[in-house]
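Encoded as structure tokens, the structure appears first; notes follow it.
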Amino acid sequence: MGRQAVVQCHADRMSRILLVGTAGSKRKLYFEQAAGEAGIPVDFLDWKEIWRSGEPTEQGTGFGVENPEQYVVKIDAPEWESSRLEDLAGLTDRYGEWLRRLSDLPAGGFLNHPLEIAEVLDKGRCKGKLIRNNVPTTQMYEKRFSCGEELLTYMKERRVSQVFVKPVKGAGAAGVAALRFAPGSGRIALYTCAALEDGHIFNTKRMYRLEGKKGAVFLDSLLKLDCVVERWYGKASFQGYCYDLRVVVQEGRIDYILPRLSKGPITNLHLNNHSMEYGDLHLEKGMAERIGDICTRAAECYPGLKSIGMDVLLEQGSLKPRIIELNAQGDLLHRDVYGENRIYRRQIQILSDMLGNKQCV
């Protein structure tokens with residue numbers, strides 16, 4: 001496999017938790033902070049070292065980890081090497097292959113099993129599984145579209161005026177586009193945080209509104225990628241903002257509900273949107289229970305994932321909750337880590353329990 005990635009170990013004692021992640025990331029910082037508060041050291045394996053070690057091979061499953069059976073493992077997402085959407089599927093596939101190799105690591109257990117992390121990376125496959133298990137979700141159209149004209153014709157024939165277009169593989173709103181279409185006039189308006197430059201689509205951290213020819217060209221370019229198309233639901237609103245929820249479910253329990261508010265259709269917080277405390281929405285008392293019910297049912301579809309971030313929509317008017325998508329590595333919430341750090345503290349407890357509370361040897 002070429003140069004082996006090597007775990008950074010404590011010289012005087014062997015940690016029982018192994019974190020696979022990215023040096024300098026907030027995920028690593030606040031996870032290790034929670035571990036330090038519990039008196040549990042964490043050994044670290046950097047994705048960048050794994051990437052540098054070459055393509056995975058059958059002989060390369062050790063990852064330079066000594067005595068892997070002594071560890072329980074948490075896997076954070078890597079940082080992608082490219083913001084170009086055409087590269088996204090290939091990078092995700094490579095990541096999926098490394099996750100498959102990690103699943104061969106004879107560790108004592110995983111917070112989230114690598115094979116189930118890989119499965120959730122595919123939006124279509126994941127949502128299909130939720131639907132088969134009768135979990136309420138946002139509707140995904142079965143048909144795949146190869147160009148904008150094909151999609152707009154489909155929408156016109158079915159009198160659909162609004163949809164979301166999403167690359168099958170990706171996270172963090174990468175390439176997501178909210179499309180409005182007026183069948184009578186043929187006008188379109190497209191909202192996205194991706195930009196088309198020199199024939200390539202790049203993920204950015206700002207929102208764009210594209211109309212007319214610019215919108216049509218972007219839509220054609222986006223649909224050349226592998227995309228799913230979903231129904232656009234009206235979201236619940238609060239003080240002039242629409243919102244959805246990031247719900248973190250860990251070992252079957254709701255550990256955090258974070259409302260994400262936006263003036264536009266895409267609520268991801270890195271796009272200058274903002275969050276608030278769930279209680280400040282002043283929803284009816286039984287709403288948290290309804291949200292918890294569908295989220296725990298969704299989590300039951302992936303028993304190998306002890307920690308899942310779920311994006312949940314409350315329909316405008318009825319406030320019926322629906323799962324938008326799942327993220328097996330959606331645990332970093334700034335409002336939490338800058339506050340009580342509840343999510344990572346709970347992960348440390350889960351991992352400690354997996355070890356039978358034996359912190360080190």
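Details
- Checking each residue of segment 157-174 against the condition of being touching an Asp or Glu at 6+ places or on another chain (Cβ under 7 Å) and in a helix (DSSP H, G or I) gives no match.
- Residues (more than 18 Å from the chain's Cα centre (by Cα) and open to solvent by 10 Å² or more (accessible area, probe 1.4 Å)) located in segment 304-317: 315, 316, 317
- Beta carbons closer than 8 Å, at least 6 apart along the sequence or on distinct chains, pair a first residue in segment 184-197 that is under 10 Å from residue 215 (Cβ atoms) and polar (S, T, N, Q) with a second that is in a strand (DSSP E or B) and modelled with pLDDT of 90 or more for 192/177; 192/178; 192/208; 192/210.
- Taking residues in segment 108-120 that are β-branched (Val, Ile, Thr), and partners anywhere that are open to solvent by less than 20 Å² (accessible area, probe 1.4 Å) and in a helix (DSSP H, G or I), the pairs with Cβ atoms closer than 7 Å and at least 6 places apart or on different chains are 117/99; 120/126.
- Within segment 272-303, tally of residues that are open to solvent by less than 20 Å² (accessible area, probe 1.4 Å) and farther than 18 Å from residue 324 by Cα: 1
- Residues in segment 198-215 that are within 27 Å of residue 81 (Cβ to Cβ) and touching a residue at least 24 places away in the same chain (Cβ under 8 Å) were compared, and the one that is most open to solvent (accessible area, probe 1.4 Å) is 205.
- Scanning segment 128-137 for residues that are open to solvent by less than 10 Å² (accessible area, probe 1.4 Å) and part of a helix (DSSP H, G or I) yields a count of 1.
- Hits in segment 103-129 - residues which are among the aliphatic types (A, V, I, L, M), over 18 Å from residue 91 (Cα atoms) and touching a Leu at 6+ places or on another chain (Cβ under 8 Å): 107, 111
- Of all residues making up segment 143-168, the number that are open to solvent by 80 Å² or more (accessible area, probe 1.4 Å) and either at positive phi or touching a Lys or Arg at 6+ places or on another chain (Cβ under 8 Å) (or both): 1
- One residue alone among 249, 228 is farther than 21 Å from residue 210 by Cα, in contact (Cβ under 8 Å) with a residue 40 or more places away in the chain and either outside any loop (DSSP other than H, G, I, E, B) or open to solvent by 30 Å² or more (accessible area, probe 1.4 Å) (or both), and that residue is 249.
- For residue 178, the criteria (1) outside any strand (DSSP E or B); (2) open to solvent by less than 60 Å² (accessible area, probe 1.4 Å); (3) modelled with pLDDT of 90 or more hold in every case but one, which is (1).
- Among the residues of segment 61-82, those that are open to solvent by less than 60 Å² (accessible area, probe 1.4 Å) and within 18 Å of the chain's Cα centre (by Cα) comprise 74, 75, 76, 77, 78, 82.
- Of the residues making up segment 187-196, none is aromatic (Phe, Trp, Tyr), touching a helix residue (DSSP H, G or I) at 6+ places or on another chain (Cβ under 8 Å) and assigned to a strand (DSSP E or B).
- The residue list 322, 260, 335 contains one member that is in a strand (DSSP E or B), within 27 Å of residue 193 (Cβ to Cβ), touching a residue at least 24 places away in the same chain (Cβ under 8 Å) and under 21 Å from the mean Cα position of the chain (by Cα), which is 322.
- Test: residue in segment 320-339 that is open to solvent by less than 10 Å² (accessible area, probe 1.4 Å), closer than 21 Å to residue 27 by Cα and out of contact with any Phe, Trp or Tyr (no Cβ under 8 Å at 6 or more places or on another chain): yes
The values are calculated or read from the model by the stated rules, or taken from the named source; none is laboratory data. Computed from a predicted structure; not experimentally measured. Backbone-built Cβ (ideal geometry, glycine too); neighbour counts: all protein chains shown. Just so you know, the surface numbers come from the protein's heavy atoms only, side chains and all, with ligands and any DNA or RNA stripped out. Shrake-Rupley method; radii C 1.70, N 1.55, O 1.52, S 1.80 Å.
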